[in-house]
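Everything below concerns the one structure shown next.
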Amino acid sequence: MLWYQNDEDDEEDLMYSPALMARRASESWIDTPPVENVIPQTSLSRKKSLPDFQELPRATGPMSREEVSALGSARREEVRRQADEKEKLRANPLLYLVSPQVKDWFSRQQLVIVILFVNISLAIMFFKMLT
């Protein structure tokens with residue numbers, strides 16, 4: 001017996017190995033081609049990382065002085081109003097309870113608050129019945 005066998009013999013032995021034949025038998029019912037044979041369509045299926053610059057909106061023409069002045073004064077007024085509101089809230093923290101943001105939060109969470117109230121009242125009644 002030789003210490004070295006031919007490469008063809010090794011390939012032939014591997015071709016008829018029990019593990020490979022079992023794999024072929026178990027995969028014989030699969031209709032789709034193996035992943036190695038599937039050609040990926042990366043150009044169509046991948047999401048673009050940046051928007052196409054040709055599809056972006058174009059810059060408009062220059063603004064008139066009156067329009068720039070009106071927009072600037074509206075922004076300054078808004079910033080001044082926000083600063084006044086911050087100062088009022090810093091002076092009196094109880095005003096947070098009547099702020100529009102808190103009122104909106106309560107209106108969105110109405111159902112949760114009602115369920116919480118009912119659960120707490122049922123728990124109190126249950127403990128009173130036990131004692």
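Read-outs throughout are calculated quantities, based only on the coordinates presented, and are distinct from any laboratory measurement. Computed from a predicted structure; not experimentally measured.
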**Fill in**
With 0.36 nm assigned to each residue of separation and the Cα-Cα distance removed, V118 to S49 gains 19.9 nm
**Request:** Determine the shape class of region 60-131: with a ≥ b ≥ c the square roots of the Cα gyration tensor eigenvalues, call it rounded for a/c under 1.5, and otherwise prolate if a/b is greater than b/c, oblate otherwise.
**Result:** oblate
